[in-house]
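**Student:** Please read through the structure below; I'll follow up with questions.
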Amino acid sequence: MNKRFLKEKLIRAGFFVTALVSVLVLGMIMVFLFSQGLPIFDQVSVGRFIFGTQWYPTAEPPDFGILPLIAASVAVTAVSSLIAIPLGVTTAVYLAEIASPRMRGFFKPVVEMLAALPSVVIGFFGMVVFAPFLLEQLDLLTGLNLLNASIMLAFMSVPTICSISEDAIYSVPAELKEASLALGATHWQTIYRVIVPAALSGISTAVILGMSRAMGETMVVLMVAGGASLIPGSLFDPVRPMPASIAAEMAEAPFHSEHYYALFAIGVVLFLFTFLFNICADYIAGRHKQVGAATL
Amino acid sequence: MKEQIKIRAKNLNFYYTDFLALSEVSLDFFPHQATALIGPSGCGKSTFLRCINRMNDLIPGVRVEGSLCLDGQDIYGPKVDVVEIRRRVGMVFQKPNPFPKTIFENVAYGLRVNGGRDREALSRRVEESLRLSALWDEVKDRLDQSALGLSGGQQQRLCIARALAVRPEVLLMDEPASALDPIATQKIEELIHELKKRFTIIIVTHSMQQAARVSDRTAFFYMGRLIEVGNTETIFTYPRHKQTEDYITGRFG
Ligand SMILES: Nc1ncnc2c1ncn2[C@@H]1O[C@H](COP(=O)(O)OP(=O)(O)O)[C@@H](O)[C@H]1O
Ligand SMILES: [Mg+2]
């Protein structure tokens, strides 16, 4: 009896420790991120860092204004969302509601495979296929620009948006659909008046996670965004989103130099953005949890 | 006499892929009457009911043979508009299934999908429907609140109001009170008494007492076949078939 009790306790403790590992790792990374990022603010004020428009970290004296990088990240995320949200949500509606089982069996794995594409492959595609295409078609100075990066990022967030939205749409109770059809609504009316609204919290979560993915993605923007630290004025300007800056410069920034601290501080800002996205996703998912036929 | 028949099923067969769920069902329904469909679980009552508003169309692989007419027009005819059939034949489901919308929007839904935009006319019809389903007094001050906040019985009456709002000619009810408590059930039954003055009502029920209380005619189904149909009183006092008698006296194996 006593032995069994002890064993039970040990098992519990074992699971607790394993669960604790991820919490600890997260905590350690956070502490590290902040400890390496905050020292830059001894040199530059927070306001000048965030709102400064000049990013010349290696000039003499250096300039650490990351507004162009923030603007670039926000711009590529926004433009890619404009492309990915309609595409992802429409595909999800098609898969969950319209496609025949055979079509669904074909499309769903294809969309999921898109998610499995390594981002470096998408970046490569953007670089050697899409950039020359843009250059030729639109007579630009460079094909590596905001538009190219946004389209490549859209490829990456469509699968996220699509598969989470599809789950949400698919799990709308059949009773609601039947209720609508029984009232003489057409299939299309049922989709946009009942099914999509009932799945809206899931769809919003999907959209936010997709945007969060686009904002944090590094390889694609490093390869195809163009790399100029300018506040973008048009879709065809080359830009330098935050992750691209960190990845490109970290290797050359001397350990514990101002530049090094500044890059970590960019990491902090980036983290705050994606953290905000995730909070929003959680909040929306929690708020409209109750859909469908109510309890009695 | 022919005009008097609202719905006529003639030699109706229904298949779920290969499974014959209804076999040679011939049954007439008359206006301003409530007809109860009774029979043991799995005998095809719901299947039959869902044939009438073509709800079974949603299930892949189903097949219908024979004829099923609404006012003499074949419901499964080649030129039939399913949406039009469903507007004329309303349905109330076993489990209350209000939309996660406001009470007002639930009732107005059928009108909106029918192109109703005039707020004034919508309001009038919503009130009329809610009064008809005896829910008006309970909800008139909270029309803009979510329907999911209502009790189960209120939700079911809301679903009835929602069906009535499009002014159907026939109302199908599939065990509408099976998920409700006795008081809510009684309210629904009283409601059916009122409604049958204006509509043709077909109600599936597993409760013999309920069939006896609300219906004018009763049809007994067994294993996908219609065993007998007649005046409710006659069926319950002098059933002609042994199976019917066994079922209504609760001696069913
Ligand atoms: N979607 C379906 N696919 C296959 N068989 C079904 C389906 N729905 C019902 N059935 C079968 O059809 C028969 C009649 O079912 P149903 O009409 O629901 O019975 P009842 O409402 O009288 O309890 C049952 O044997 C049931 O298993
Ligand atoms: Mg049933």
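The values are calculated or read from the model by the stated rules, or taken from the named source; none is laboratory data. For clarity, every value in this text was computed on a predicted model and none was experimentally measured. So basically every Cβ, Gly included, is an ideal-geometry build from the backbone, and we count neighbours across all protein chains shown. These accessible areas exclude ligands, DNA and RNA; they are computed on the full protein's heavy atoms, side chains included. Shrake-Rupley method; radii C 1.70, N 1.55, O 1.52, S 1.80 Å.
**Student:** Scan region A:173-190 and give yes if some residue there is open to solvent by 50 Å² or more (accessible area, probe 1.4 Å), within 17 Å of A:Leu87 (Cα to Cα) and either of a type outside the set (Val, Ile, Thr) or within 10 Å of another protein chain (Cβ to nearest Cβ) (or both), otherwise no.
**Tutor:** no
**Student:** Restricting the first residue to region B:18-46 and requiring it to be closer than 30 Å to B:Lys197 by Cα and away from chain A (no Cβ under 14 Å), which pairs with a second residue that is within 12 Å of ligand 1 (Cβ to nearest atom) and hydroxyl-bearing (Ser, Thr, Tyr) meet a Cβ separation below 6 Å and a spacing of at least six or different chains?
**Tutor:** So the pair list comes out as B:Leu22/B:Thr47; B:Ala36/B:Thr205; B:Gly39/B:Tyr222; B:Cys43/B:Tyr222.
**Student:** So is B:Ile7 away from ligand 2 (no atom under 15 Å from the Cβ), away from chain A (no Cβ under 14 Å), under 16 Å from the mean Cα position of the chain (by Cα) and not small (Gly, Ala, Ser) or not?
**Tutor:** Yes, satisfied.
**Student:** Output the number of residues of region A:64-90 satisfying the condition of being surrounded by 16 or more Cβ atoms within 10 Å (Cβ to Cβ) and either at pLDDT below 95 or not β-branched (Val, Ile, Thr) (or both).
**Tutor:** Final tally of qualifying residues: 14.
**Student:** Applying the selection to region B:103-131, what residues are open to solvent by 20 Å² or more (accessible area, probe 1.4 Å), within 21 Å of A:Val194 (Cβ to Cβ) and of a type in the set (S, T, N, Q)?
**Tutor:** B:Asn114
**Student:** Of these, A:Glu112, A:Glu136, A:Glu97, which one is of a type outside the set (Gly, Ala, Ser) and within 14 Å of chain B (Cβ to nearest Cβ)?
**Tutor:** When all the criteria are applied, what remains is A:Glu97.
**Student:** Also, quick follow-up: Pull up region B:17-63, narrow it to residues that are of a type in the set (Lys, Arg) and more than 7 Å from ligand 1 (Cβ to nearest atom), then point me to the one that is most open to solvent (accessible area, probe 1.4 Å).
**Tutor:** B:Arg63
**Student:** Output the qualifying pairs, or none if there are none: Cβ atoms under 7 angstrom, residues six or more apart or on different chains, first residue in region A:82-102 and among the charged types (D, E, K, R), second residue open to solvent by less than 70 Å² (accessible area, probe 1.4 Å) and part of a helix (DSSP H, G or I).
**Tutor:** Pairs found: A:Glu97/A:Ile169; A:Glu97/A:Ile191; A:Glu97/A:Ile195.
**Student:** Taking into account only those residues within region B:145-162 that are in contact with a Ser or Thr (Cβ under 7 Å, 6 or more places away or on another chain) and closer than 10 Å to B:Asn106 by Cα, which is farthest from the other protein chains (Cβ to nearest Cβ)?
**Tutor:** B:Ala161
**Student:** Out of all the residues in region B:169-214, which are within 16 Å of ligand 1 (Cβ to nearest atom) and either buried (at least 20 other Cβ atoms within 10 Å of the Cβ) or under 13 Å from the mean Cα position of the chain (by Cα) (or both)?
**Tutor:** B:Leu172, B:Met173, B:Asp174, B:Glu175, B:Pro176, B:Ala177, B:Ile202, B:Ile203, B:Val204, B:Thr205, B:Gln210, B:Ala211, listed by residue number.
**Student:** Looking at region B:38-49 only, could you name the residues that are in contact with a strand residue (DSSP E or B) (Cβ under 8 Å, 6 or more places away or on another chain) and either of a type outside the set (A, V, I, L, M, F, W, C) or in a helix (DSSP H, G or I) (or both)?
**Tutor:** Correct list: B:Gly39, B:Pro40, B:Gly44, B:Lys45, B:Ser46, B:Thr47, B:Phe48, B:Leu49.
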